[in-house]
Amino acid sequence: METSPNPEEDLRTLSIQLANQIINIANNHLEEGMRVDAIAAGLRHAAANFSAFAHHRTGGNEDQLGPIVEDFLQMFEYYLERHAPQQPQPGGGLSDLIEQAKKEV
């Protein structure tokens, strides 16, 4: 069996792939009419539940909880910014419509 030159990068790739699969499930529930806040609460519940399970399964101790919580907060802050509504640019309206039309031509 060949070992990966970068196991941390492999772990990151796998975690992103899993996250995308979970987001697809959440999006399917959203399309079916489930409330977005119910979906978000379910995802938080699942994340907390499985994170606690993994923590104890890997022999984690209380000293290791800080980095786990910090990791969650950093991801949450990143996605809060990423999903924030765009601020309208000065002179919006007609000028935005013109710029959009230019891009589509």
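The single condition among (1) of a type in the set (S, T, N, Q); (2) closer than 19 Å to Leu18 by Cα; (3) modelled with pLDDT under 90 that Gln89 does not satisfy is (2). Which of the residues spanning segment 33-57 are aromatic (Phe, Trp, Tyr) and within 15 Å of Ala19 (Cβ to Cβ)? Phe50 - this is the single residue of segment 33-57 that is aromatic (Phe, Trp, Tyr) and within 15 Å of Ala19 (Cβ to Cβ).
Condition test on Arg12, is it among the charged types (D, E, K, R), surrounded by 10 or more Cβ atoms within 10 Å (Cβ to Cβ) and modelled with pLDDT of 95 or more?
no
If the condition is being of a type in the set (Asp, Glu) and modelled with pLDDT under 95, then segment 30-76 contributes Glu62, Asp63, Glu70, Asp71.
The values are calculated or read from the model by the stated rules, or taken from the named source; none is laboratory data. Only a predicted model underlies this, so the values are computations on that prediction, with no experimental measurement involved. FYI the Cβ positions are ideal-geometry reconstructions off the backbone, even for glycines, and counts take in every protein chain you see.
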